Amino acid sequence: MPAALTLDSQPIGRGTVQLLNGENGNGLGSVQGEYFMASRPGLEWISTISHRYIGWTAVWKAPWNRLSDQHRNRFRRTGGAELENRMNQSEQAVAALQRLIEQGELRPGSMVSERGLMEATGLGRTPVREAIQRLALNHMLRIHPNKGIEIPAISVEDQLSGLEVRRAVEVLAVGLACRRATDRDIEAIAALKATLSGGFDLHGYSETVRQTHALIIQAAHNPYLEALMVPLQTLSRRFWIMHVRDEQAEIAHGKRLHQNILQAILARDPDEAGAASLALNSYLVEFALSVVARMAAARG
């Protein structure tokens with residue numbers, strides 16, 4: 001068993017400091033640098049773990065095409081080609097099912113089978129099964145053993161509860177985006193802000209909004225935000241799509257709110273971006289309450 005590692009006694013110390021502090025300039029640790037390089041007998045296992053386990057985590061959290069050729073080749077040499085393909089298909093399955101749920105093509109309250117989801121996505125059993133497990137953890141699917149997979153309905157209460165969490169997380173995200181966005185991120189955000197000036201049908205608008213939030217998450221450069229935000233945003237958009245009545249009026253209002261967020265990020269103004277994000281959340285809360293009023297009027 002290797003001796004305990006300490007900052008002063010082992011050559012791994014400096015690499016640990018670099019990994020924790022992000023001394024390479026962006027905090028991505030082993031994605032960008034050759035850390036944990038063992039230089040003493042008995043520490044080779046650390047190098048193996050860093051190259052395989054941490055390298056795998058980096059590929060899972062970041063898009064494959066953002067890795068350098070050097071890291072892609074190293075991943076393949078360590079037997080990662082099959083895992084790379086499997087992860088890509090799993091991500092494809094998650095994205096496809098999220099869109100089907102968001103657009104209501106998988107009807108709320110309905111039961112579906114694993115085979116049916118394979119046919120709907122055009123993907124195999126393993127990636128679809130992995131996607132089902134991941135989406136079940138995010139309350140987007142509900143697994144009933146020996147019965148099937150439920151597409152949960154979303155009530156007004158569910159929507160308001162989700163917005164409580166989304167409110168806080170999105171303020172954090174836009175603030176980080178203001179501080180951390182790269183030149184490439186800024187260019188993409190500016191282009192999408194211009195796109196939002198165009199006309200949309202309901203489907204095109206919801207897809208553009210999804211891209212807007214994806215760019216904000218990317219610009220924040222924190223991999224944990226995606227896991228928190230995407231399910232909340234997907235379910236929130238599904239509720240909006242299900243209950244919207246005056247599509248063009250609501251789309252016009254939503255476009256302005258999203259453009260305000262993007263403009264604040266382009267100006268790198270965290271306070272303005274936070275205020276714009278809160279304004280969007282307030283709109284969604286008001287929309288949910290209007291649905292309650294409409295239901296009450298219909299019953300009365």
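The values are calculated or read from the model by the stated rules, or taken from the named source; none is laboratory data. It should be emphasised that the depicted structure is a prediction, and the values quoted were computed from it without experimental measurement. Quick reminder, even Gly has a Cβ in these numbers, built from the backbone with ideal geometry, and neighbours come from all protein chains shown. Areas reflect the complete protein model, heavy atoms only, side chains present, ligands, DNA and RNA absent. Shrake-Rupley method; radii C 1.70, N 1.55, O 1.52, S 1.80 Å.
Numbers at a glance
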| read-out | value |
| --- | --- |
| Positive-pole candidate from L262, Y283, A188, dipole of the range 183-300, charges at beta carbon | Y283 |
| Karplus (6.51, -1.76, 1.60) ³J(HN,Hα), θ = phi - 60°, over the range 260-272, in Hz, Gly and Pro reported as x | 4, 5, 5, 5, 5, 5, 4, 7, 6, 10, x, 5, 5 |
| Per residue, in Å², the accessible surface of the range 118-228 once ligands and nucleic acids are set aside, probe 1.4 Å | 52 Å² |
| Net length gained if the chain between R179 and H139 were fully extended (0.36 nm per residue, minus Cα distance) | 11.3 nm |
| Extended-chain gain in nm, criterion 0.36 nm per residue less alpha-carbon gap, V156 and E105 | 16.4 nm |
| Full-extension gain in nm, R245 to N88, via 0.36 nm per residue minus C-alpha separation | 52.8 nm |
| Size of electric dipole in the range 102-235: Cβ of Lys, Arg +1 and of Asp, Glu -1, about Cα centre, debye, nearest 20 | 280 debye |
